Amino acid sequence: MTDSDDTSAELFVRLYYNIYLFLVQDYYKRTGESLKSYKEYEPDYLKKIYNHYTDKNTIIDQASSLASNLIIIQALPNANHRTAFLFIKYYFKKHGINMKIYSEEQKAYDAFYEVSKFFIEREINHYQLFNNAYMDVHHDQAIREHKQHMKTLMKQIVCVPQSGIRTVESFHSFVASINQEGSLPFENH
């Protein structure tokens with residue numbers, strides 16, 4: 001890995017963690033309560049996602065795969081689903097695509113949360129996520145099914161224009177463009 005790659009990964013980790021902090025602060029403002037941390041923050045998992053992510057061919061596949069990966073790794077102390085969805089919402093927004101939020105599609109989101117939490121808590125071995133030599137049928141199947149359920153959800157909550165999207169911006173280019181703008185997109189809302 002080059003110094004440039006390492007710096008880019010660090011920028012992604014900072015960006016993603018700041019989205020999480022924004023959600024924590026927003027939750028506190030709305031409820032007067034703090035989100036409880038249920039685990040340690042694991043920034044190295046975010047670096048691994050950044051360094052090993054392979055772009056997909058369609059915007060729905062790209063967003064589904066990326067969101068699923070970010071949720072499965074459970075890198076944050078809490079709000080892993082919400083943080084992944086907000087990150088993906090800005091990815092879509094940059095492409096002029098609307099993604100419905102929880103209040104607009106609560107039933108679809110809740111169905112996904114239930115399935116997702118089952119896979120994460122019971123089927124996926126969190127400690128083996130980046131071990132290519134690890135072989136477990138239930139683990140591998142759960143990851144595939146999680147991604148498929150995410151894709152189904154994305155098709156329900158995302159309104160891709162009839163003209164379609166001809167090119168899919170790479171995950172790495174998207175992160176670089178946010179960092180070049182000098183501010184995080186959610187800070188302007």
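What follows draws every value from the coordinates through simple rules; no lab data is involved. Here the structure is a predicted model, which means the values were calculated and not measured. FYI the Cβ positions are ideal-geometry reconstructions off the backbone, even for glycines, and counts take in every protein chain you see.
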Looking across region 79-120 at residues that are under 16 Å from residue 149 (Cβ atoms) and of a type in the set (A, V, I, L, M), the single one that is surrounded by the fewest Cβ atoms within 10 Å (Cβ to Cβ) is 111
Among the residues of region 39-68, which ones are in a loop (DSSP other than H, G, I, E, B) and over 16 Å from residue 171 (Cβ atoms)?
39, 40, 41, 42
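Going by what's in this entry, would residue 42 be described as acidic (Asp, Glu) and over 23 Å from residue 117 (Cα atoms)? If you could, list the steps in order and put the result at the bottom.
Details: acidic (Asp, Glu): yes; over 23 Å from residue 117 (Cα atoms): no.
So residue 42 fails the test.
For region 69-82, does any single residue satisfy the condition of being of a type in the set (A, V, I, L, M, F, W, C), part of a helix (DSSP H, G or I) and in contact with a His (Cβ under 7 Å, 6 or more places away or on another chain)? Give the derivation first.
Kept after step one, since they are of a type in the set (A, V, I, L, M, F, W, C), are these residues of region 69-82: 70-73, 75-76, 79.
Filter again for part of a helix (DSSP H, G or I), leaving 70-73.
Those left that are additionally in contact with a His (Cβ under 7 Å, 6 or more places away or on another chain): 71-72.
Yes: one or more hits.
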How many residues does region 125-151 contain that are without any contact (Cβ under 8 Å) to a residue 24 or more places away in the chain and assigned to a helix (DSSP H, G or I)?
10
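Here is a check on your reading of the model: is residue 22 out of contact with any Lys or Arg (no Cβ under 9 Å at 6 or more places or on another chain), surrounded by 12 or more Cβ atoms within 10 Å (Cβ to Cβ) and of a type outside the set (Asp, Glu)? So that I can check it myself, show each step before the final result.
Numbers: out of contact with any Lys or Arg (no Cβ under 9 Å at 6 or more places or on another chain): yes; surrounded by 12 or more Cβ atoms within 10 Å (Cβ to Cβ): yes; of a type outside the set (Asp, Glu): yes.
For residue 22, the condition - out of contact with any Lys or Arg (no Cβ under 9 Å at 6 or more places or on another chain), surrounded by 12 or more Cβ atoms within 10 Å (Cβ to Cβ) and of a type outside the set (Asp, Glu) - is met.
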Of the residues in region 30-83, those that are touching a residue at least 12 places away in the same chain (Cβ under 8 Å), more than 30 Å from residue 162 (Cβ to Cβ) and not acidic (Asp, Glu) number 24
Subset of region 121-152 that is farther than 19 Å from residue 55 by Cα and among the hydrophobic types (A, V, I, L, M, F, W, C) - its residue that is surrounded by the fewest Cβ atoms within 10 Å (Cβ to Cβ):
133
